[in-house]
Structure formats: structure tokens, C-alpha cells
Amino acid sequence: MSTDHETRLAGLLRAALDGDEACYADFLRSVAQLVRIMARRKLAAAGSAEPEDVVQETLLAIHLKRHTWRPGSPVMPWIHAMARYKIIDVHRRRGRRVEIDIEEFANVLEAESHETVSARDVGKALAGLAEGQRSVVAAISVEGRSISETARKLGMKETAVRVALHRGLAAIAARFGRPET
Amino acid sequence: MKTDNLISAIAADNARPVIRQGQIWALATGAAVLVAAATFFATLGPRPDIAAAATTVHFLFKFVVTIAFAGSALLVLDRLARPGADGPRSLRWLGLAPALLAIGIGVELLLQPTAQWQMLAEGKNSLVCLTYIPLIGLGPLGLLILGLRRGAPTRPGLAGVVAGLVAGGIAASFYAAHCTDDSPLFVATWYTLAVAMLGAAGGIAGRLFARW
């Protein structure tokens, strides 16, 4: 089972690190699916939190920490450790403990899963961004525009759009670490 | 927000060049060594008889131990900064330098009369050692914690301790050029204590600053 996933995902991430946007989106969609099943099981058992929040937090973390993967080393344990850290983090913030082992992660790979509920936390964090970053992130994510379309629409340079997008995503990710209000 | 929408935004952010964690460590440790060197030469400086000392096994052995310690701790730190890289298991590499030191102590105990042991362990510079190794290591510790923040330690406290040990190893490697107490008995007693202080400081710093 896992060798297929391992080879495919490692290949996609390697291409992504070389700048291939389509491979990167493919990689992220697969990761979302894996983490979703894992999070749904864990969080349902503890009766708390929206699994999709964990999925999105993990995707952001993987994005901002993708330079910690060493090409050539296994990618599945890296994804698993990242998701595990984020699930435990969510529980810690809600005052619970959770144990996750890798066996369950492996079983999860067999199943199919689709997003059912959209997350609230990322949406909330997006709303809290500074105006410039928010309009850029919203244009690219919610409206599905490309970098160049966004630049034209907002009357910005493409490099400025890229910077605002990166800072906006980093700011959204940073918000999760804070205690809930 | 829908996850697919978030994925579009993340994928669009991929064009920026990614600085690899290995490059981050190269930068952080390079800067750490420079800062340690600057602090060392501004405060203590090498001992006056360093040329003569450098011909003795006792003096050189100190560097074998401290440099081996800094190097192995750096490898462990790198593992701890990468999720799923078996960080905790790599902790055993930290045993390398203590094992070398234990051999040195064994030889020292064979060569030196029992009556000398206590005097050799106490030395003359214990307070200087306990003051200056932490002092020289403080800047390097800060730089390594910065490097750790760019990583993704799933155990930030533990990774912070190891960052403190790397800083301690670097600081001790400079301090050893100043200190006239060359016995492995002195190194095992006071260097260990001084490096442990940096490890403790690193643990706190890791918990505070290396979460993600």
C-alpha cells in the first residue's frame, strides 16, 4: 500500500520544490485527503473541533515548513509527523490529550474521503488580515484568480502580489498558535 | 473557507525560492562560530603559552572532545528540526563525545597518582569556566534558536536543549584555548556543568520560541 503513495507523493513534492505549481496542488490535495480521515477519526473520538480546521492548519504548516523535507528521504513519515503535531496542538488548545500511531495513518490511506464541511478558523483568520493581504489572499483563494489576474484587478505589481500572498498565508498560520478568543 | 480554495492560494505561493533547512543550519552555525570567536577574543583570548601547550596531548584532547560534541549535537539538532526524521532516536549520537572523554579519563587515572586526582578535577579555573562557556555560548544559542524557528521541531523543548548543547560545544571549543586546566577530569567536571547550563537555557528558549 504505502509504497505507491510514498513514491507518488515524494515525486510530486520534489517537482513542487522545483517550482511546479500543478504538481504542488496535486500533492496538497492528496495530503488534505490523508489528513482529513486521520483528523476526523481522532477528533470525532474526542468529540471536539472541526476536522477541516486541522486539515487546513496542517496544509499551511506543510507549506511553510516544506524546506524541512530532505528530498530522497521518505515523505509519508514527514507528513504524518506534521499532521500529528497539528492535531495534538488543536487538542492542547482545547485542553485534551490524544495519542496517534502510525499504523492508523497507514490504514487511512486505503480509504477515500471528501471534504464535507468548510473550516471556520482559516476564514476567521483571513478576515483578520490587513486589508492589502486580505484582498490578495481572497482573490487567489476564494475567487480562484491567478497571480497576474490578481495583480491587474488590484492594480499591483506581480511581485507585490506574491509578497502579500506569502505574508498573508504566514499570518494566517501564525494565528492558530494563539489561544482561542 | 473551502480547503480547495486554500490549496489554490498555497500552490500559487510556490514560486518563491525555498531556502533549505540544511542551508539554514550552515548559515546559523557559521554565524554562531563567528560570534563565539568574537566574544572569546574580546574577553579571554588564548592562553599565553598556547604554542607550547599545542604540542601536548592533554591540550589537544580537549578539542577532540568539544568539537566531536558540537558536531554530533548539530547532527541531532538537524534531525529534531525535521518532522518524521527519527529525531529522538538520533539522541544516542550525543554519547560519542562522553565516550571519548571516558577513555581519556581512564588513561588519566592510570597515569596520575591517586593523590592528584582531586586536585586535577578541581583545577584552578572552575569559576572562569562556569562563567565564560555560558557567556561565549549565549550568542550562538540565540542564532541556533533562530535556525530552529525556521525548522519544524515536533518537540520544541527537546530541540532547544540540543541547540543549547551545540552552542555549549562551540563555546567550549574556544574556551579550551584559554584554560590551563587540561586534565580530562577537569573537562568532565566543569565543562559538563557549563554546557548543561546552556542546554537548560536552550530548553526554555525552545519551548518559548520554537513552536510552530
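The values are calculated or read from the model by the stated rules, or taken from the named source; none is laboratory data. Model, not experiment: these values are computed from the prediction. FYI the Cβ positions are ideal-geometry reconstructions off the backbone, even for glycines, and counts take in every protein chain you see.
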Across the stretch B:38-57, what is the total count of residues that are crowded, with 16+ Cβ neighbours inside 10 Å and assigned to a helix (DSSP H, G or I)? 3
Out of curiosity, is B:G123 out of contact with any Leu (no Cβ under 6 Å at 6 or more places or on another chain) and within 30 Å of A:H63 (Cα to Cα)? no
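So, in the stretch B:72-103, exactly how many residues are surrounded by 18 or more Cβ atoms within 10 Å (Cβ to Cβ) and under 27 Å from B:Q23 (Cβ atoms)? Step through it out loud before you land on a result.
Applying the first criterion (surrounded by 18 or more Cβ atoms within 10 Å (Cβ to Cβ)) to the stretch B:72-103 yields B:72-74, B:76-85, B:87, B:97, B:101.
Then drop every residue that is not under 27 Å from B:Q23 (Cβ atoms), which leaves B:72-74, B:76-85, B:87, B:97.
Result for the stretch B:72-103: 15.
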First in the stretch B:19-40 and within 14 Å of another protein chain (Cβ to nearest Cβ), second anywhere and in a helix (DSSP H, G or I) and among the polar types (S, T, N, Q), Cβ under 9 Å, 6 or more apart: B:R20/A:T68; B:Q21/A:T68
I'd like to check something: does the stretch A:88-97 contain any residue that is touching a Lys or Arg at 6+ places or on another chain (Cβ under 7 Å), over 14 Å from B:P83 (Cβ atoms), at pLDDT below 95 and surrounded by fewer than 21 Cβ atoms within 10 Å (Cβ to Cβ)? yes
Hey, among the residues in the stretch A:128-181 that are surrounded by fewer than 13 Cβ atoms within 10 Å (Cβ to Cβ) and among the β-branched types (V, I, T), which one's nearest to A:A22 (Cα to Cα)? A:T159
Residue identified as closer than 28 Å to B:A12 by Cβ and modelled with pLDDT of 75 or more among A:H114, A:H67: A:H67
Please give the number of the condition B:E122 fails out of (1) farther than 22 Å from B:V107 by Cβ; (2) modelled with pLDDT under 95. (1)
Selection from the stretch B:125-157 of residues over 16 Å from the mean Cα position of the chain (by Cα), crowded, with 24+ Cβ neighbours inside 10 Å and part of a helix (DSSP H, G or I) yields B:P156
Does at least one position in the stretch B:108-120 carry a residue that is touching a residue at least 12 places away in the same chain (Cβ under 8 Å) and either small (G, A, S) or closer than 23 Å to A:W69 by Cα (or both)? no
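Can you find, within the stretch A:48-63, the residue that is nearest to A:A15 (Cα to Cα) among those that are in a helix (DSSP H, G or I) and more than 8 Å from chain B (Cβ to nearest Cβ)?
Of everything passing the filter in the stretch A:48-63, A:I62 is nearest to A:A15 (Cα to Cα).
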Taking first residues from the stretch B:165-193 that are among the polar types (S, T, N, Q) and second residues anywhere that are outside any helix (DSSP H, G or I) and surrounded by fewer than 24 Cβ atoms within 10 Å (Cβ to Cβ), the pairs with Cβ under 6 Å that are 6 or more apart or on different chains are B:T180/B:R47
